[in-house]
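The values are calculated or read from the model by the stated rules, or taken from the named source; none is laboratory data. Model, not experiment: these values are computed from the prediction. Accessible surface is based on the protein model in full, side chains and every heavy atom, while ligands, DNA and RNA are left aside. Shrake-Rupley method; radii C 1.70, N 1.55, O 1.52, S 1.80 Å.
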Amino acid sequence: MEADSKSRGGVRLQKFIADCGLASRRRAEAMIAAGRVRVNGETVSRQGVRIDPERDRVEVDGSRLRVASKPKTTILLHKPLGYLCSMDDPRKRPLVKDLYRELPGRLFPVGRLDYNTSGLLLCTDDGELANLLMHPRYKFEKEYLVTVNGRFGPAELAALCRGVELADGPARPLSASMVSSSARRSRLKLVIGEGRNRQVRRMLEALGFKVVELQRTRYAFLTLKGVPRGKWRKLESGEIDRLRRMALHD
Ligand code: URA
């Protein structure tokens with residue numbers, strides 16, 4: 001607790017009480033004047049005292065106050081082709097954030113999908129959750145349905161599973177399997193734990209194949225089920241807890 005100097009840090013006690021949602025600032029001043037407020041066990045009846053919300057213990061009528069942290073939002077978006085994951089584009093191309101502009105808060109994509117990749121994209125305003133999901137250590141599974149030009153057969157699949165060399169180091173899928181194969185086009189399912197830039201496209205390029213279509217179909221246990229292209233749904237708190245548990249019990 002500090003004396004009244006404005007130049008010191010912290011917040012004014014009456015503002016803190018108001019931010020906690022207990023009363024208006026004016027009512028908070030009245031509570032202080034009435035001797036109902038204690039800071040670190042001492043009654044404060046003078047106005048203008050500044051406190052450090054992180055360190056000081058503020059009680060009103062004996063109950064401790066805490067600033068409620070703003071509720072966070074995380075959504076599962078079905079990204080269509082032709083949308084950018086950046087928050088801004090000088091060329092004014094469509095942005096994924098345009099698809100959820102009705103949501104309050106500044107949600108940003110967790111990692112990226114290329115402009116010409118569709119599928120499951122998580123977006124959140126919870127920086128801590130985003131860090132956890134993107135941390136290379138936790139290797140959250142990302143599953144892709146990949147269409148390549150030409151015949152991709154068992155020999156190519158085996159080579160992919162052994163791993164390929166990319167400019168930024170070796171890359172190996174967690175798993176890969178064939179969906180269909182023909183002389184013109186082949187489809188495979190690929191699961192990776194990392195999220196390097198254009199990783200799937202580069203892995204296939206390393207084997208001489210061009211990716212002509214790419215869709216992310218799964219992120220950890222989350223799928224696109226029930227979410228049409230261009231739409232989103234909020235993650236439930238149970239799903240967020242499960243993601244956190246997956247990281248913390250790795
Ligand atoms: N790998 C890619 O190459 N592109 C994506 O958008 C996602 C994964």
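What the table below lists for this structure:
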{"read-out": "Span from the the range 60-85 Cα centroid across to the the range 120-181 one, whole angstrom", "value": "28"}
{"read-out": "Accessible area (Å², 1.4 Å probe, nearest 10) - Thr117", "value": "0"}
{"read-out": "Computed log₁₀ I(q)/I(0) - Debye formula, equal Cα scatterers, no solvent, the range 73-202, q 0.20 Å⁻¹", "value": "-1.20"}
{"read-out": "Accessible-area composition of the chain, carbon plus sulfur, in percent [1.4 Å probe]", "value": "48"}
{"read-out": "Relative counts (whole %) of C-alpha pair distances in the chain, using bins that are 5 Å wide", "value": "1, 6, 11, 13, 12, 10, 9, 8, 7, 6, 5, 4, 3, 3, 2, 1, 0"}
{"read-out": "Geometric extent, Cα atoms of the range 142-219 - Rg, Dmax (angstrom)", "value": "11.2, 31"}
{"read-out": "Taking N as its residue count, the alpha carbon Rg of the range 2-64 over 2.2 N^0.38 Å", "value": "0.97"}
{"read-out": "Candidates Pro53, Pro94, Pro109: whichever shows maximal mean-square fluctuation once the chain is modelled as a Gaussian network with Cα springs under 10 Å", "value": "Pro53"}
